[in-house]
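S.K.: Structure incoming, see below.
The values are calculated or read from the model by the stated rules, or taken from the named source; none is laboratory data. Remember, predicted model here, so these are calculated numbers, not experimental data. Glycine also receives a Cβ, built like all others from the backbone with ideal geometry; neighbour counts cover every protein chain displayed. Only protein heavy atoms, including side chains, enter the accessible area calculation; ligands, DNA and RNA are left aside. Shrake-Rupley method; radii C 1.70, N 1.55, O 1.52, S 1.80 Å.
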Amino acid sequence: MTFATSFVPDIRFGEGIHASIASSAGALEARSALVVIDGFLAASGLGEQLAAQFAAVGIAAEFFSGFAGEPKLTHVEIASRAARGKDLVVGIGGGSALDIAKIAACVAAADKDPMHYALAANPLPKTPLKKIMVPTTAGTGSETSATTIFAGPEGKKLWIWGPETKADLVLLDPALTVTLPANLTAWCGLDAFVHAFEAATNRNAHAGAALYAHAALGLLTEALETAVMTPTDIAARGKVLLGSCYAGVAIDNCGTAIAHNISHALAGLAPVHHGLATALGFEATLAWLTEADTAELAAAARACGLADAALLPGFVSDLMDRCGIVRALPKAFADFSAEDLAREMRAPENQPMRRATTREVSDADIDTIAATMMALPRTL
């Protein structure tokens, strides 16, 4: 067996640790910073708290919160321009805020547009700005990964990849996740679960990443339902947040597979929450996937407390039920067909996830999966 693992950023965990953001920036020798923060967090008073933090340590901070939903090209362009001349970029919020911050910290180090680096067309600048990532949702794991996602000029999901995008410091504060609504907690948590599962079982899986993936599966199995049903349970919130972080480490090393091929393809058709789309795609394909009966699938099942992989489909469906996940797509999908989704699943940008899947994904499989997905109610 041979494998290599990518580096894991400095991670600090604790309730209230977000109060150390500015002092941590000072320790990184920053004198100016761009803070990319979700708009509702900025309006909640956190923006003012952070501004006071930075002022107290003598760091000039500019804030950018002019985005909503999935990151778009215009968002990363604005943030990249704002980051130029700064020493540091802080991302605080969900995966969108973190991805925008990571891209901006890289693009700001040169004079190229973000599209110059999309789909790894060109190498990233080797001297990006320093980065601190503070996730407030527990799903994407973007705080520890080398991948960033944004929608290009045609609305298709694109990615920018490279070790240059990685954080210098990750602060995990479960207190920042308490106000996340139950449906978003469930969607994000299932996304993290699928990250860990796919990284542990796809064709790129290896023992170095399984260490993180299996730990993530155990944490999420134990705590996700409690975090959904009892949102103020800090212990459960912390386990889900740490599970999401570990899952991010796992996909940073091994990538994802068919469920993410589906969720990215759905996003290419119409707006849909990534975690929901991934969970729906995972449930729709898991019985087919576990027919492969590999050692990796069996190990992932054991990490969830199950005797064998054949029990996984029922286990996941039950977990989704207990977390209140409604099996439906947004109304925006009303005008799209299974053929439309199948076309997106075959799109070039989605092929790495197709190829990584532990079972070969034939064109006939894609047609069957697309039909299953588009048979869901379109009522959200």
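S.K.: Does Arg12 satisfy being part of a strand (DSSP E or B) and basic (Lys, Arg)?
M.R.: Against the criterion (part of a strand (DSSP E or B) and basic (Lys, Arg)), Arg12 qualifies.
S.K.: Could you grab me the full set of residues in region 1-50 that are open to solvent by 60 Å² or more (accessible area, probe 1.4 Å), among the charged types (D, E, K, R) and either in contact with a helix residue (DSSP H, G or I) (Cβ under 6 Å, 6 or more places away or on another chain) or closer than 22 Å to Arg237 by Cα (or both)?
M.R.: Asp10, Arg12, Glu15, listed by residue number.
S.K.: Across region 20-62, what is the total count of residues that are outside any helix (DSSP H, G or I), among the charged types (D, E, K, R) and more than 19 Å from the chain's Cα centre (by Cα)?
M.R.: Within region 20-62, residues that are outside any helix (DSSP H, G or I), among the charged types (D, E, K, R) and more than 19 Å from the chain's Cα centre (by Cα) number 3.
S.K.: Please determine whether any residue of region 303-321 is among the polar types (S, T, N, Q), part of a helix (DSSP H, G or I) and either under 15 Å from Glu198 (Cβ atoms) or free of Cβ contacts under 8 Å to residues at least 60 places away in the same chain (or both).
M.R.: Looking for residues that are among the polar types (S, T, N, Q), part of a helix (DSSP H, G or I) and either under 15 Å from Glu198 (Cβ atoms) or free of Cβ contacts under 8 Å to residues at least 60 places away in the same chain (or both), one finds at least one in region 303-321, hence yes.
S.K.: Related question: Keeping to region 283-300, report how many residues are open to solvent by less than 10 Å² (accessible area, probe 1.4 Å) and either more than 14 Å from Val361 (Cα to Cα) or of a type in the set (Val, Ile, Thr) (or both).
M.R.: Looking only at that region, the number is 3.
S.K.: For the subset of region 63-118 comprising residues that are in contact with a His (Cβ under 8 Å, 6 or more places away or on another chain), at pLDDT below 95 and not in a helix (DSSP H, G or I), which member is farthest from Ala33 (Cα to Cα)?
M.R.: So, considering only residues that are in contact with a His (Cβ under 8 Å, 6 or more places away or on another chain), at pLDDT below 95 and not in a helix (DSSP H, G or I), the one farthest from Ala33 (Cα to Cα) is Glu70.
S.K.: Would you be able to tell me the number of residues in region 152-169 that are within 16 Å of His75 (Cβ to Cβ), open to solvent by 50 Å² or more (accessible area, probe 1.4 Å) and in a strand (DSSP E or B)?
M.R.: Number of matching residues: 1.
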